[in-house]
Structure formats: C-alpha cells, structure tokens
Amino acid sequence: MDFLIVFAKCLVALLIVLQVGVLLLWVERKGSALIQDRVGANRANLLGGVLPFNLGIVNTLMADPLKLFTKEDIVPEGADRFLHWLAPFLALFPLFLTYAVIPFGDVLEIGDRTINLQAVEAGPGILFVLALVSLGVYGVVLGGWASNSRYALLGGIRGSAQMISYEIAMGLALVAVVLTFGTLDLQQIVREQGKLMWGVVPAWGVFYQPLALLVFFIAGMAESKRAPFDLPEAESELIAGFFTEYSGSKQSVFMMADFVEVAIVAALVTTLFFGGWQVPWLHRDGFHLPGGLSIPLPSLLVTILQVLSFLVKLAIFCWLQILVRWTLPRLRYDQLMNLGWKRLLPIALVNVAITAVLALALQGWTVAS
Amino acid sequence: MDESYLALLISAGLCALVVAVMVGASWLLGKRSPNRAKNAVFEAGNRAVGEVKSHRFPVKFYLTAILFIVFDVEVVFMYPWAVVFRRLGWFGLAEMAAFVLVLAVGLAYVWRVGALEWD
C-alpha cells in the first residue's frame, strides 16, 4: 500500500510536468499569435473536417507530436551514433526528474493516513534541483559534438558557455534564499511561507528576497536557452544550433526540453518566492483572515485549493516567460556574457552579503526561527 | 530503506522510461529511406570540407569554463554555511566574508585584465 502511494505520487509529478510541457507548446504557438496579432495554429482536419468548431488545440497537442514521432530518424554521416542517441536523453531526463522534488500540495488526509504531496521527500531539495538542472548542459554539448556538423558544434559550445555562466548567478541567488529560510528542503520552505508578516502579509520569499527573485528569474530564462537568450540555437546564424542534425522524435525531445525548463523555472519561482501551494491566510482547518474572521473548511477542500493555487501560480510564471520570449529581441553574445558575469553575479553576491548581515543584525527579520 | 530513496528510484525509472520512448519513437515508427544527400551533414548546400572535430574555436570558451569552476566551487561552499549560519553567528559570517573577499578580488582582477570581454 505504501509502495502504491509512493508510485502514485511519482506518477502524478511526472504527469504534471509532461502535461505542462505539452500544453506550453500550444500556449506558445497561440500566445505568439496573440502577441503578433495573427490567428495562430487553427488547422485540424480531424475526421475529414466534419466537425464545425475549431480544433487548433487538438492539432498542436496530438497531430504535431504524432507527426514528429513518425518522421524518419536520421543520424548524419560521420556522427558518433551512441552520443547522438544519448544527447536528447540527457537533455530531457534530468529535467523531468527535477519535478519529483517540487511540492505540489501540502498534505492529503484520507482516513487516518496523511500523505505528503511531494513525490520525493528530499531533505536537500535545492541541491538536488541545482545538480539536475546543471546536468542539462551535457545534452546540449554532446548533441553539438556528436553531430559532426560545424553549426551544431558552435551551437553546443555557445550553449554550454552560456549555461555554466548563468548557473553561478542562479546558485548565488539561491544561497540568499537558503539564508532566509534556513533549510534546503523545498516542502519546508513552502511551509515557512505560510507564516504572516506583522500578522497580515503572507511571508512569501518575494518580500524578503526581491533581488534574488530578479537574478534567479533572469538566470533561469537564460538556462532555458529561449529568446532573448537563444544564442545556442540562433536560427539566423546557426540554422538550429546544437540540434541542427536531429530529426523526428529526437528533435522533438530537444524542443520539449526547452518547454520543460520553462515549467521548472516557473515551478521554482513559485515554490521559493511566491509561497508554492500556499493560499494567503488559508490554514489546514480553513481561512483565518487578518480581521479575525474565520471560515472553516474541510481538509480535502483545503488540499484541493492548495494544489490549484500551485497550478495557477505555475501557469502565471510560464505565461510570463512566454511573454518575455516573444517581446524581447535576441541579445548579442558579448551582451549576454556581460549580463551574466558583470551584472547578475555581483548583484547576487551583494544580495547574499546584505541578507547575511541583516539576518544576524535583526534576528526577527528572516522567516526561519 | 528510506522511503525517499525508493521514491527517487521509482521517479527516475518512470522518467527514464518516458524519455527513452520519446527518443526512440522515430526509430520505431518512422520509415527508413536513407540516401547520400540526406545523410550528409548540413552545410547550406555545399559539401562539408575538412574535419569538424578538430575545428578550432575561440579560447574564450575555455576561459569561461575555468572561471565557472572557480566560482561554482565558491557557491557550493556557501550552501552548508547558509544552512547553519545562525548557529555560527558573526564568527561564521566573518569567516565567509574573508573567503568571499578573496574570490571577489579574483573577480575584480579577471574583470580588470579583460577576461570577461567578448567581441
């Protein structure tokens, strides 16, 4: 029975990230159309077109993956066959696994059981996330290296340099978050954010660490290699960068990895800075509003509200990234490196110093006791 | 065995399975009609000349990787401190400040000599 519960939790975490990844493909196409004032994907000739209504979403969610999966799989001449296969696997697998440690709810109380809604209850959750996200660089650099193509090689090298550069700023931003909450456990961090500041404002990370949020969000978008940081796959110079020589489902795996990365950045921003599954003033037994008003709710309803809250916040930050991706033009390579090394890194360092001094000087300032 | 390790194992297995199916789908479902032109490496219509793997690229990329290792190890060192720093108090902060200061001087030096400049 315990095994079944663990299995179900792992499956739910995987399904969340899989669904979000696939849905983002559709949101990206429709969203970009909205921003550019066109209709976007709206052709779906399902059942010979006898259905009178628009099936654009079906087209993108079913027809597109099916088409990609049934395309010919080409390994170019002179390529390293094994690494050519391994690269897409390494690009997506660690990203999927990252989702397992992200808490998507508080606890589910069924009968006398209390189930913690986090697939892998890892103590050092933040370290786990950082380790897996940085593994993604292998997919990029191996994809470029194994293809035996100049465009791919250049894309792979650019991609790896970009990803490792922004990882430092990302890691430093998270150090400040750990200083604030005093733990590496993601579920614990979310629980801490259920406290209130001055009895009114929820103690979300964004109020304690606005600078860390800024640095983390920018670095996260750079890690996902999408515009304005899409130099590794800059079509106008490098065809498709590190996946130039990929076709069919392997290419779609690289595409999927981009969207999953977006979902992971959104999930981490939600978890660390916007209270994760917390709904303001909602406790295990119902709402306790600051005015002294209390609305009791059953435990199951509270859990559902919290999971919904997590998903809504996740959707908001996914959409924000898509908005940025279709609004800003691509950076130049020197601008990219300047932003990472000369702006974000010093800002993150100073932020860590300020946080540490404030936390020790004003004992009541941070969330952790 | 600790339950979280079991969960990690299950998660890793499920993820590996799904990703492997996604990667291998074309190989299983796609048709195969290879020919020379199709298998050739993309070179905008030209024939690829020379060896790609010995292709040279700017030394800047090596430098970036070396700098990354220096600063990433610094960040890794800060995590254990960040977890226990309330117990260490001002003493721990001073120690960490000394450590970061040395690296900050390094960053300033690298900045000054132009190792972070790209053209």
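The values are calculated or read from the model by the stated rules, or taken from the named source; none is laboratory data. Please read these numbers as outputs of a predicted model, since none were measured by experiment. Positions of Cβ are generated from backbone atoms using ideal geometry, with glycine treated the same way; all protein chains shown enter the neighbour counts. Surface areas here come from the heavy atoms of the whole protein model, side chains and all, with no ligands, DNA or RNA. Shrake-Rupley method; radii C 1.70, N 1.55, O 1.52, S 1.80 Å.
Residue B:55 contributes about 60 Å² of solvent-accessible surface, heavy atoms of the protein only, 1.4 Å probe.
Peptide packing: for A:206-212, A:229-235, the average count of neighbouring Cβ atoms within 10 Å per residue gives the ranking A:229-235, A:206-212, highest mean first.
How large is Rg over Rh for the protein assembly as shown, taking Rg from the Cα atoms and Rh as the Kirkwood inverse mean of 1/r across Cα pairs?
Details: Rg = 23.7 Å, Rh = 24.1 Å.
Ratio of gyration radius to Kirkwood radius: 0.99.
Say a site is exposed when it is one of the trypsin sites (Lys or Arg not before Pro), sits in a DSSP loop, and has at most 13 other Cβ atoms within 10 Å; what is then the longest site-free stretch of chain B? Value returned for the longest uninterrupted segment is B:57-119. Can you list the residues of the range B:79-119 with backbone N under 18 Å from a point 7 Å past the Cα of residue B:59, pointing along Cα to Cβ? Taking a point 7 Å out along Cα→Cβ of residue B:59, the residues of the range B:79-119 whose backbone N falls under 18 Å are B:110-119.
Listed values for the range A:62-79 are Karplus-derived 3J(HN,Hα) couplings in whole Hz (6.51 cos²θ - 1.76 cosθ + 1.60, θ = phi - 60°), namely 10, 5, 5, x, 4, 4, 5, 6, 9, 7, 5, 9, 10, 10, x, 4, x, 7, and x replaces Gly and Pro.
For the range A:301-343, state which chymotrypsin sites (Phe, Trp or Tyr not before Pro) are in a DSSP loop and have at most 16 other beta carbons lying within 10 Å of their beta carbon. In loop regions of the range A:301-343 (DSSP not H, G, I, E or B), the sparsely surrounded chymotrypsin sites (Phe, Trp or Tyr not before Pro) are A:326.
What FRET efficiency, computed as 1/(1 + (r/R0)^6) with R0 = 41 Å and r the Cβ-Cβ distance, is obtained for residue A:294 and residue B:9, rounded to the nearest 0.05? Once the sixth-power term is evaluated, E becomes 0.45. Once you reduce the range A:207-280 and the range B:8-30 to the center of their Cα atoms, the two points are 22 Å from each other.
Assigning unit charges at the beta carbon (Lys, Arg +1; Asp, Glu -1) and nothing else, what dipole magnitude in debye, to the nearest 20, does the range A:74-361 show about its Cα centre?
Details: 16 positive and 19 negative charges, 91 e Å.
I would put it at about 440 debye.
Could you pull out the trypsin sites (Lys or Arg not before Pro) across the range A:251-359 that fall in loop regions by DSSP (anything but H, G, I, E, B) with no more than 14 other Cβ atoms inside 10 Å? Could you put the intermediate results ahead of the total?
Numbers: sites: A:284, A:313, A:325, A:330, A:332, A:342, A:343; in loops: A:284, A:330, A:332.
Within the range A:251-359, the qualifying trypsin sites (Lys or Arg not before Pro) (loop, at most 14 other Cβ atoms within 10 Å) are A:284, A:332.
A convex hull fitted to the Cα coordinates of the range B:3-112 yields 192 cubic angstrom per residue. Between A:7, A:134, A:243, the Cα set farthest toward the positive side of the dipole of chain A (charges on each charged residue's Cβ, about the Cα centre) is that of A:243. So how strong a dipole does the range B:3-112 carry about its Cα centre when Lys and Arg Cβ are +1 and Asp and Glu Cβ are -1, to the nearest 20 debye? With only Lys, Arg, Asp and Glu charged at Cβ, the dipole is about 680 debye. Considering the zone a paramagnetic label at residue B:90 would reach in this model (a point 7 Å from Cα along the Cα-to-Cβ line), which residues of the range A:332-361 have amide N under 20 Å from it? Those under the cut-off are A:353-361. Rounded, prolate or oblate: which one fits the range A:223-369, using the alpha carbon gyration tensor with axes a ≥ b ≥ c (rounded when a/c is under 1.5, else prolate when a/b beats b/c, else oblate)? It comes out oblate by the Cα gyration axes. With the charge dipole of the range B:3-112 set up from +1 on Lys and Arg Cβ and -1 on Asp and Glu Cβ about the Cα centre, the Cα lying farthest toward the positive end among the listed residues B:67, B:24, B:99 is that of B:24. Averaged over the residues of peptide A:7-15, the number of Cβ atoms from other protein chains lying within 10 Å of each residue's Cβ is 4. Helices in chain A that qualify as membrane-span-like (whole DSSP H runs, Cα extent of at least 30 Å along the helix axis, mean Kyte-Doolittle hydropathy of 0.5 or higher) are A:2-35, A:125-146, A:150-181, A:248-273, A:299-325. Scalar couplings 3J(HN,Hα) for the range B:86-99, obtained by applying the Karplus form with A = 6.51, B = -1.76, C = 1.60 to θ = phi - 60°, are 5, 6, 6, x, 5, 4, x, 5, 5, 4, 5, 4, 4, 5 Hz; x denotes Gly and Pro.
Largest first, the residues A:285, B:119, A:73 sort by 1.4 Å accessible area into B:119, A:285, A:73. Farthest toward the dipole's positive end in the range A:250-354, which of A:336, A:307, A:292, given Cβ charges of +1 (Lys, Arg) and -1 (Asp, Glu) about the Cα centre? After comparing all options, I get A:336. Across peptide A:346-355, the mean count of Cβ atoms from other chains lying within 10 Å of each residue's own Cβ comes to 3.
Normalised by the number of residues in chain A, what is the relative contact order in percent for Cα pairs under 8 Å and 6+ residues apart?
For chain A, the relative contact order is 22 percent.
Dividing the summed helix terms, -39500 (n - 2.57) for each DSSP H run of n ≥ 4, by the number of residues in chain B produces a 222 nm estimate of -25500 deg cm²/dmol to the nearest 500. Here residue A:67 is the anchor, and the lysines within straight C-alpha reach of less than 27 Å, apart from those fewer than 8 places off in the same chain, are A:30, A:225, A:250, B:31, B:38. Each distinct pair of alpha carbons in the range A:74-361 adds a 1/r term; the inverse of their mean, the Kirkwood radius, is 20.1 Å. Other protein chain C-beta atoms within 10 Å of residue C-beta, averaged over B:35-45: 4.
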